[in-house]
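See structure below.
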């Protein structure tokens, strides 16, 4: 037998499969590896490396990724134990070859099936089955099981993925029964035996159910006979049933008439609801007009208050300035008077001292005169003349110096006028630039949305996208207006103001919805609620020959027109170009009928003046400034361009006039500066003259000293006199100068005091006027709030009435549908409409129907049911009898087929077991002979035991020994025996993948070389099989070939985050 096996296996040669083998395994954060990837060959793969390099992790990753349980790996009890320490999740990726014939759904997956399994430290786990491009095909475990079953991978088969520990435990520790179970499970006979056992149990259950089905069939047969007997008795109740049917028809159609009467009542309710809505809307319109009128009154009062407060502002500023000026002037005067008193007292004291010193000098001079004749007197006379000349020069110098404040005031006034002239120039320049800009805008064409807030486009898009409008909003109002008289463009733009940016709606719901849209878009503008019907202004407009704002406009929307009439009174604001004509028309007699205000143009036609009636019909006028923004109202372009050119020409003249005035004032300022400069020059000349006279006086005094005796008394007295005179002159100059200053300060204080009473009186009058206006404003506000609440209440009532109306409409629609439904049901149930007897009601017919049904039921109870029920039950009994016969026959046929099939499968299973056992025994003996061992595999299928007996043969002397149990073998002999057993079992298996972990760890070099060659030869003889063999030792002594791939995993390094590995063949 072993010779046959040897010759057969030598003729075979392993061939690489195109499908069902593994291409690569990738581990991320798995066990102790950050990233580990191994690419496999299609035939024989040796994975070598030292401990910790990831050899065993490869087999564990294959088992787990392809659906194996964690406990089947003998390395952990749960998936979370395989996540690398310090990481949250781990990922395993296995690529399965799927090319060539026998592939699995190649049109979906292509040449490669990618299986990815991720799990976390929390125990969560999931699969991703992808095609060769990485697209996810499924995430279900059952899909992966289908792939494993298709390729018969058998990864949880302990023989298919075998570790050295399991093999050694099998040989050393297991009993013969355990070995037998290992053998049966490894060759997949155990699975078939389990399936056949389940099939036999199902067959037993079916046999027990057949007896029950026989009993059921007898009962069905008896019921069929009873139903046929009752069917023969049903002809007697036909007349009673026909009468009951006629009553049923009338009962059906009288319900239709009842619903039709409800519908007529609903129609009347709708008509009444429409009348209520009309009355409520009219009341709401009246309250709205009252609110608008009250709002206008309040607006006029607030304008009056603002006008008065604007007048108070400058007065308050002037009053505060006058108070401060009066206080400052008074304090300055008091301080100056105190200083002047001190100067005056000092002046009196110095004058007394001068008189005393003069007397002492004269006495000394007279004494000396008698001593040396009259030459000193002449010299003294000359000195006196020079002193007089010096005193006159100083007086003229001081008088000239006093003119400086006046010149400085003139220069200050000229400078202020020149500076003030700059503002009109700049204003005229700005007006000119704005007019030129306005002309450019007109020439560029219609502004469209550019004239409004930038967010208008968003608002309009939101309005178009909204589908819940009861009526489409209109706006901005300026886009719906065209001006026929261009000269009023600026005035009307300013008068209508922000109303041109506003929108108009016809109900409160649309107002709330549009307000929310404008708020979210950042658009500034109001939303007016107005009636959708065109307001008739006939009988409320001024005389026909007068222009009003309404008459010079073309408005293409009734909502826009109604909004401007209600909120801006455009139908009662007249337009008259000339101011005097407008004033005479409005205020020359009684108040003009149907005119609330009138507007005229200014002389330059760029702005206007608004005339209206104040309290008591008094004349009131307000400026209407020129509109400087973008034009929002469409008008004749040529007229606008012409008017813009005219305006630019006028403003150029104003600008040039302002420039000429400024130049004149600047020339006046320069003249004042020249006069002040000349005055400063004259003051310097007078100072030089005084200095020269003072020098001459000093020379004369020196000459006098030469004439006088040298005792120094006269000189000392003169020196003291001069000092006293100098002090006196200084105090005199101070006092003289201070008098003018005192008068100025006194006058300033008097002027400051005189202006205060008038300002206080004016402010008191204006404050009283403001208080009166505020009282009126409070009353107007109360009236406005009251009318607003009334208007809101009226709108609420309109809304409620509309809801009632809608409810009635819905009720009518429901009733119409109900009438149609009742009619259809009556037609289906009773056929064509039947007449109802006069005086017949639903209650009467209901009683008749119940009575007829009671009679028929009573008769039917006597025979066991109605005619229809008896017929139906007879038909059902017949059908049940046929079904019972068919089901009983089908179950008996199935049971016969299952019995035959199970017997046939058990016979084949025993044949498989015998064949596989014989092949495994023969192959085991053959493999032992490769080293010269003898032995046999004892398989007893009755007792379900397996015994291995081995007779090792010594290499030297070839001394024979007795057969022994595997427990008595050496480590190398045990490993070699394990390899022989494993290869013999692998030869009987059908899985395309075989894995063995560290099969040579306990072998010596001789056993390892023999086992290695034997395994390579066995692998090459296994056609279409892939081998993954793990060994910690080198492959230097093994003869390689093109079908052998050696994968060397790099040694792990301390602190290493990813494993490096190399490959060789």
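The values are calculated or read from the model by the stated rules, or taken from the named source; none is laboratory data. Predicted model, so just to flag it, every value in this text is computed and none were measured. Cβ coordinates were reconstructed from backbone atoms using ideal geometry, including for glycine residues, and neighbour counts include every protein chain displayed.
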Matching residues in segment 584-605 (under 59 Å from the mean Cα position of the chain (by Cα) and modelled with pLDDT of 80 or more) number 12
Across segment 50-73, the tally of residues that are in contact with a helix residue (DSSP H, G or I) (Cβ under 7 Å, 6 or more places away or on another chain), surrounded by fewer than 22 Cβ atoms within 10 Å (Cβ to Cβ) and either on the phi > 0 side of the Ramachandran plot or part of a loop (DSSP other than H, G, I, E, B) (or both) stands at 1
Of (1) over 30 Å from residue 378 (Cα atoms); (2) modelled with pLDDT under 75; (3) out of contact with any strand residue (DSSP E or B) (no Cβ under 9 Å at 6 or more places or on another chain), residue 708 fails just (1)
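Conditions (1) surrounded by 13 or more Cβ atoms within 10 Å (Cβ to Cβ); (2) under 19 Å from residue 1007 (Cα atoms), marked per residue:
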| residue | (1), (2) |
| --- | --- |
| 883 | no, no |
| 910 | no, no |
| 920 | yes, no |
| 931 | yes, yes |
| 946 | yes, no |
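Within segment 748-755, is even one residue surrounded by 13 or more Cβ atoms within 10 Å (Cβ to Cβ), under 30 Å from residue 508 (Cα atoms) and modelled with pLDDT under 80?
Taking segment 748-755 and keeping what is surrounded by 13 or more Cβ atoms within 10 Å (Cβ to Cβ), we get 748-749, 751-753, 755.
If we keep only those that are under 30 Å from residue 508 (Cα atoms) as well, we get none.
No: zero hits.
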Margin query: Suppose the filter is modelled with pLDDT of 75 or more, closer than 30 Å to residue 297 by Cα and surrounded by 15 or more Cβ atoms within 10 Å (Cβ to Cβ); does residue 769 pass it?
Written below: yes
Practice prompt. Might you check whether a residue that is within 20 Å of residue 36 (Cβ to Cβ), in contact (Cβ under 8 Å) with a residue 12 or more places away in the chain and out of contact with any strand residue (DSSP E or B) (no Cβ under 8 Å at 6 or more places or on another chain) occurs anywhere in segment 103-112?
Written response: no
Kindly indicate whether residue 825 is closer than 30 Å to residue 293 by Cα, in contact (Cβ under 8 Å) with a residue 24 or more places away in the chain and surrounded by 13 or more Cβ atoms within 10 Å (Cβ to Cβ). no
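Quick one: which of 113, 129, 147, 121 is surrounded by 15 or more Cβ atoms within 10 Å (Cβ to Cβ) and over 29 Å from residue 1024 (Cβ atoms)? Let's see the steps before the verdict.
Working: 113 fails: over 29 Å from residue 1024 (Cβ atoms); 129 fails: over 29 Å from residue 1024 (Cβ atoms); 147 fails: over 29 Å from residue 1024 (Cβ atoms).
Selected residue: 121, the only one of 113, 129, 147, 121 that is surrounded by 15 or more Cβ atoms within 10 Å (Cβ to Cβ) and over 29 Å from residue 1024 (Cβ atoms).
Pick out, from segment 495-563, the strands (runs of 3 or more DSSP E) lying fully within it that include 2 or more residues that are in contact with a strand residue (DSSP E or B) (Cβ under 9 Å, 6 or more places away or on another chain) and within 23 Å of residue 608 (Cβ to Cβ). Show your work before the answer.
On the way: elements: 503-505, 527-529, 553-555.
Qualifying strands (runs of 3 or more DSSP E): 553-555.
Filter segment 31-41 down to the residues that are surrounded by fewer than 21 Cβ atoms within 10 Å (Cβ to Cβ) and on the phi < 0 side of the Ramachandran plot and list them by number.
First pass over segment 31-41, keeping only residues surrounded by fewer than 21 Cβ atoms within 10 Å (Cβ to Cβ): 31-32, 34-35, 37, 39.
Hits for segment 31-41 are 32, 34, 35, 37, 39.
Being touching a residue at least 24 places away in the same chain (Cβ under 8 Å) and either within 20 Å of residue 519 (Cβ to Cβ) or under 33 Å from the mean Cα position of the chain (by Cα) (or both) is the requirement here; does residue 494 meet it? Quick ask: steps written out before the conclusion?
Working: touching a residue at least 24 places away in the same chain (Cβ under 8 Å): yes; either within 20 Å of residue 519 (Cβ to Cβ) or under 33 Å from the mean Cα position of the chain (by Cα) (or both): no.
Spelling it out, it is not the case that residue 494 is touching a residue at least 24 places away in the same chain (Cβ under 8 Å) and either within 20 Å of residue 519 (Cβ to Cβ) or under 33 Å from the mean Cα position of the chain (by Cα) (or both).
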- Message: Is it the case, given these coordinates, that residue 785 is more than 30 Å from residue 311 (Cα to Cα) and either assigned to a helix (DSSP H, G or I) or at pLDDT 75 or above (or both)?
- Response: no
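Within segment 539-556, how many residues are surrounded by fewer than 16 Cβ atoms within 10 Å (Cβ to Cβ) and within 25 Å of residue 581 (Cα to Cα)? Give the derivation first.
Let us first name the residues in segment 539-556 that are surrounded by fewer than 16 Cβ atoms within 10 Å (Cβ to Cβ), namely 539-540, 543-545, 554, 556.
Cutting the leftovers down to within 25 Å of residue 581 (Cα to Cα) gives us 539-540, 543-545.
Going through segment 539-556 one residue at a time, the tally reaches 5.
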The helices (runs of 4 or more DSSP H) lying wholly within segment 140-253 that contain at least 1 residues that are at pLDDT below 80 and in contact with a helix residue (DSSP H, G or I) (Cβ under 6 Å, 6 or more places away or on another chain) are 164-172, 176-186, 189-231
Filtering segment 990-1015 for residues that are at pLDDT below 75, surrounded by 23 or more Cβ atoms within 10 Å (Cβ to Cβ) and in contact with a strand residue (DSSP E or B) (Cβ under 7 Å, 6 or more places away or on another chain) leaves a count of 2
